[in-house]
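Notes follow once the structure below has been shown.
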Amino acid sequence: MEPVLDSDYIASSRSYPELQGLEDPELRNLASWLPSVIIADRAPNTIKKYVRSFRNWEGFASSKGLPSLPASGPHLALYLLKLLQTSRSASPLEAAMFAVAWAHRKSGHPSPHTHHLPSQVLQAAKRILATPVSKKLPLTPCNIRQLCTTYVSPTMSIDTLQTLCLIVIGFAGFLRWDDLSQLRADDVSFCDGYAALFVEKRKNDQFREGHWICIAASYTTSCPVTLLKRFIQSSTSTGHARLFRRVATHNGVTFLRPEPMSYTRAREKVLNLLSTIGLDSTKYGLHSLRSGGASTAAAMGVPDRLIAHHGGWRSIEAREGYILESKSAVLGVSRSLGL
């Protein structure tokens, strides 16, 4: 993690009298090391987000002549009100609260977020800025089969093959874009009847234990293992190269560049392909792959424990948020009443 913030400023041992005036050299060395350790209790990207939000608060406080660390609850509430004036959701206010609380914990000061005023402003902002949740529709096996029937051919371009492989693997593996974008050639192993994908780190894998996902071969036109094997061979991806990469064309020849594909470009390519089979692209997104696979597995009666393991979910709430119950399952509730 690059030192985006001075650890002696945020996480200073000076806040702890017990660590001052230590005579033992080893204890002094440990005390000097403490700030750089306790500041790393979150993922690097989370820390960067906290630092960015705290710096914004610090700039506001400095411009108004207010102390930023330690800060007071009423002053933080005024800053949240300022954010409320220009925000379209409560996320910036939540980020500010988390960041200020984190910085105060690291520096050994009581956090102003525990004061009743900031919390009331945040709760009010959630109501004021609330908008209806518009979840993207999940893809279905029928959609996947229609795509493969339409596009799979011996002369399929590497561009189409890559997008199709991304869709089918994302659906079959319940994968987020973050998971797909991190996959490398040496993360894939082909075994008898299935392919094993190693996801080195996932959103909810805080301790970076990694996760193996096994995808069975179906030996049909939409077989995820066959498509993945064909894509890797066609793209000549080896070693630590990313699987899904940018596409370029030179002298009429389409090929994959070394740079990884961006989220925006991946989404654009997936939605373009879905629109060609008659789907409304405004109702789908990259999350449609993960939710589609999970929803299909649930409809087929796959045990919740296996669905959670395959998708890497660690809570029921997170898993259920991706599953759309089938109409037959929903109607089964009233049918069971015997009316």
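The values are calculated or read from the model by the stated rules, or taken from the named source; none is laboratory data. Every value quoted in this text rests on a predicted model; they were computed, and no experiment measured them. Positions of Cβ are backbone-derived with ideal geometry, glycine not excepted, and every protein chain shown enters the neighbour counts.
Observations, loosely collected:
- So PHE98, is it within 30 Å of GLN20 (Cβ to Cβ), modelled with pLDDT of 90 or more and among the hydrophobic types (A, V, I, L, M, F, W, C): yes
- Within the span defined as the stretch 212-219, one or more residues are under 23 Å from SER153 (Cα atoms), without any contact (Cβ under 8 Å) to a residue 12 or more places away in the chain, touching a helix residue (DSSP H, G or I) at 6+ places or on another chain (Cβ under 9 Å) and not hydrophobic (A, V, I, L, M, F, W, C).
- Residue in the stretch 54-70 that is assigned to a loop (DSSP other than H, G, I, E, B), farther than 30 Å from GLY21 by Cα and in contact (Cβ under 8 Å) with a residue 60 or more places away in the chain present: no
- Matching entry among ARG305, ARG319 (being at pLDDT below 80, assigned to a helix (DSSP H, G or I), out of contact with any strand residue (DSSP E or B) (no Cβ under 7 Å at 6 or more places or on another chain) and not small (Gly, Ala, Ser)): ARG319
- Under the condition of being closer than 13 Å to ALA195 by Cα and surrounded by 16 or more Cβ atoms within 10 Å (Cβ to Cβ), the residues counted in the stretch 218-230 number 8.
- Residues that are small (Gly, Ala, Ser) and surrounded by 13 or more Cβ atoms within 10 Å (Cβ to Cβ), drawn from the stretch 274-290: SER275, SER281, GLY285, SER288
- Subset of the stretch 99-134 (residues that are in a loop (DSSP other than H, G, I, E, B) and free of Cβ contacts under 8 Å to residues at least 60 places away in the same chain): PRO110, SER111, HIS115, LEU129, ALA130, THR131, PRO132, VAL133, SER134
- The conditions of being part of a helix (DSSP H, G or I), in contact with an Asp or Glu (Cβ under 9 Å, 6 or more places away or on another chain) and within 28 Å of ASP186 (Cα to Cα) are not met by LYS229.
- Exclusive hit being in contact (Cβ under 8 Å) with a residue 12 or more places away in the chain, buried (at least 17 other Cβ atoms within 10 Å of the Cβ) and within 26 Å of the chain's Cα centre (by Cα), set ALA77, ALA96: ALA96
- Some residue of the stretch 153-170 being touching a residue at least 24 places away in the same chain (Cβ under 8 Å), farther than 16 Å from GLY292 by Cα and exposed (fewer than 14 other Cβ atoms within 10 Å of the Cβ): no
- Contacts under 6 angstrom Cβ, first residue in the stretch 253-281 being of a type in the set (Asp, Glu), partner surrounded by 12 or more Cβ atoms within 10 Å (Cβ to Cβ) and modelled with pLDDT under 95, 6 or more apart: GLU259/ARG246
- Among the residues examined, ALA195 qualifies as assigned by TED's automatic domain parsing to the domain that holds TRP313, within 17 Å of HIS310 (Cβ to Cβ) and not β-branched (Val, Ile, Thr).
- The stretch 18-55 - residue that is modelled with pLDDT of 80 or more, out of contact with any helix residue (DSSP H, G or I) (no Cβ under 7 Å at 6 or more places or on another chain) and among the aliphatic types (A, V, I, L, M) and, of those, nearest to ALA103 (Cα to Cα): VAL51
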